[in-house]
Every structure is written in C-alpha cells, then in structure tokens.
1. Scattering from the C-alpha atoms of region 55-128 alone, worked out with Debye: what is log10 I(q)/I(0) at q = 0.11, 0.12, 0.26 1/Å?
2. Give or take rounding to whole Å, what are the principal axis extents of the alpha carbon atoms in region 60-101, in descending order?
3. Among 47-57, 137-147, 14-24, 78-88, how do they line up by average Cβ neighbours within 10 Å per residue, starting with the highest?
4. Express in nm, to one decimal, how much length is gained between L94 and Q6 on full extension, taking 0.36 nm for each residue of separation and deducting their alpha carbon distance.
5. Mean 1/r over all different Cα pairs, inverted: what Kirkwood radius does region 1-151 give, in Å?
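Taken together, the values in this text are just the output of simple stated rules run on the coordinates, not laboratory data. Model, not experiment: these values are computed from the prediction. Here the Cβ positions follow ideal geometry from the backbone for every residue, glycine too, while neighbour counts run over all protein chains shown.
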Amino acid sequence: MADRNQLSPGGAIVIGLLCGAMGTLVMLLALGAGEGRMSDGTPPWVLVCGGLAFVLAGLAIIVGYGIAGGVTPDGDLLPGTPFAVRLVQYLLGLGIVALLASIASWVAFGGGSRHFTGSGPFISGAVNEALGRTAFGIGAALAWAFMALMIVVSVKRLRRRSLRRVDLLQLTRRPLHGVLRAHALDRLREHVDDDVLAQRFGRLAPRRPRVAHLPRVR
C-alpha cells in the first residue's frame with residue numbers, strides 16, 4: 001500500500017522543475033541578465049549560490065521521489081535503490097548544505113557593512129550589525145557541522161549497501177565454489193601425474209646403439 005505522504009513521481013518532477021526554473025532565474029539575474037539589482041556590496045556569487053541551491057533541491061526531489069520512489073521514515077531512500085542513485089542523492093544533499101553554509105559564512109564574516117532588520121515579538125525594525133553577524137555566524141557553524149554529520153552518515157549508509165552487494169555476489173557464486181575447487185584439484189593432480197610419468201618413463205628413453213668392436217686377426 002502506497003504511503004499518502006509520499007510524492008508521486010509525476011508530482012516530484014513538476015516540483016523539481018519549478019525549483020530548478022526559480023534557481024536558474026536567480027542565477028541569471030545575479031550574472032547580469034535582466035533588470036534585477038542586488039543590494040549594495042553583495043557579490044554576484046552569493047546569489048549564484050542561492051540559485052544553485054534551488055536547482056540542486058529540485059534535482060534532489062526528482063531523484064528521491066521521481067526515480068528512487070520515495071524515502072523511509074528515517075529519511076533514507078527506499079530499500080533496493082541502486083547504489084548510483086543513492087550516491088547522487090547524497091551528493092545533492094551535501095551540495096545544498098554547503099551552498100547555504102557558504103552564504104551564511106559570507107554574511108557573518110565577509111567584508112563590508114551589513115544591514116539587518118527583524119520582525120517579531122522580541123525584535124522589530126533595524127537590528128544591530130554585530131548581533132546580526134553573530135546570529136548568521138552561529139547559523140553558519142551549525143550548517144558546516146550538519147554537513148560534516150551528513151558526510152559521516154552518508155558514507156556509513158553507502159558502505160552498508162556496498163557490503164550487502166558483496167555478500168549477495170558471494171552467495172550467488174558459492175554453489176560453483178565446490179565445482180571450481182574440484183576442477184582446480186583435478187588440474188593439479190593431472191599436472192603431478194604428468195611430472196611423475198615423465199620422470200619414470202624418462203629412464204626408458206632410447207639410447208644410442210653401441211657397435212661392438214671385435215679384435216683384429218693378424
């Protein structure tokens with residue numbers, strides 16, 4: 001029975017394409033296409049990273065739900081997903097986190113002045129620059145730490161899947177193990193027998209005939 005909370009492959013493709021189109025538009029504006037204008041002091045690569053994060057998110061949705069068929073409750077792909085699909089999905093996730101962490105790091109530690117505003121029950125209007133940088137610095141540190149954790153978890157999951165593949169491969173070849181081993185022993189016995197026979201019959205090899213010399217009669 002299909003999980004109602006899972007996206008259908010068609011829906012995943014539609015959402016993924018929308019995310020990709022949005023990210024592509026942001027990147028084009030950052031590179032000067034169109035009449036978009038960035039805030040003062042913001043380098044183009046920051047918006048490119050933001051747009052690329054949307055593109056990777058769209059691809060991750062397509063791979064995770066459109067190709068792999070969904071995820072398990074712990075966030076991993078479904079059992080039986082090919083190793084290559086898992087690898088691509090993990091790389092996409094790492095790329096998204098790395099891009100967001102890079103943006104937060106630039107906001108927190110990059111050169112130039114920053115202007116922060118907030119809205120909420122505790123903060124409203126302009127925010128002190130030092131406070132804003134501190135908040136983004138904490139966010140950047142958490143993002144990089146989360147990325148490191150993702151690498152560890154992804155490597156463990158990939159290793160677990162690869163070990164299962166090796167076990168299955170050995171299981172499929174095990175019925176022939178006895179036959180191949182017997183065949184190898186037969187070949188060894190054949191070789192030993194040939195050597196022994198060669199040594200035995202080598203003594204019976206024909207020798208050059210000798211002519212008897214009779215004494216001369218004078």
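1. So the normalised log intensities work out to -0.49, -0.55, -1.15.
2. Cα extents, longest axis first: 31, 21, 15 Å.
3. Ranked by mean Cβ neighbours within 10 Å, highest first: 47-57, 14-24, 137-147, 78-88.
4. Roughly 29.5 nm would be gained on extension.
5. After inverting the mean inverse Cα-Cα distance, the result is 17.4 Å.
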